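One structure below.
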Amino acid sequence: MTFKNIVKPILVLTLICLSVALLLAVVNYVASPIIAEATAEAERKARSEALPGATDFAEVSLSDYADLPDSVAACYRDNAGGGYVFLVKGAGYGGKSNPITLLIGITPDGKIAGIKITDVSGETAGIGDKVKKNDFTARFTGLDATGLSDDLKVSGATYSSNGVKQGVRDAFTAFAAVTEE
């Protein structure tokens, strides 16, 4: 066993690993701000889709409100007074561990302006993910807290439909809390 047979391969592999790690660190350093900016823009666009006409939002601190449903993850107020957007995680077929992520826009008079579903990865492909389609979410537009009837569902996707409806109910609960001033 000589230096050439043992130490040299270890040194070469160590140098290769260090070079690759350094290269990945540089790529991450350069790409992180670009990715963060693209993510923020996608989130802003999704909020604008849930509350049409709104473009500038301020996040509302939910820690100021007691007894909000656990599914309500965030709240954004339109700075122009057009209403609120609630980020809600509804338990569909995937349950609470893999929820349906919804953005629900509610106008100042308490009506749904729009719903943007951003994640249905926990739902059954081809069935439960139908709740993401516009023909389902559009049926909620214009409804208030009393308008959530049993006919708001997707055939064959009861868990998913109920998860969306419960998410909307939770958004109305949060809306009542944040507008109770």
Of the listed residues (93, 76), the one being surrounded by 11 or more Cβ atoms within 10 Å (Cβ to Cβ) and assigned to a strand (DSSP E or B) is 76
Tabulated pairs, the range 80-97, first free of Cβ contacts under 8 Å to residues at least 60 places away in the same chain, second among the β-branched types (Val, Ile, Thr) and buried (at least 24 other Cβ atoms within 10 Å of the Cβ), C-beta under 8 angstrom, 6+ apart or interchain:
83/106; 85/104; 85/106; 94/100
Could you please find all residues in the range 1-60 being under 29 Å from residue 107 (Cβ atoms) and either loosely packed, with under 10 Cβ neighbours inside 10 Å or in contact with a Lys or Arg (Cβ under 6 Å, 6 or more places away or on another chain) (or both)?
46, 49, 50, 57, 58, 60
Selection over the range 11-64 where residues are closer than 30 Å to residue 179 by Cβ and hydroxyl-bearing (Ser, Thr, Tyr) yields a count of 5
The correct count of residues that are over 19 Å from residue 142 (Cα atoms) and either part of a loop (DSSP other than H, G, I, E, B) or out of contact with any Asp or Glu (no Cβ under 7 Å at 6 or more places or on another chain) (or both) in the range 96-115 is 4
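All of the numbers you see were taken from the coordinates with simple rules; none came from a lab. This is a predicted model, so every value here is computed, not measured. A quick note on method: Cβ atoms are made from the backbone with ideal geometry, for glycine too, and the neighbour counts reach across all protein chains shown.
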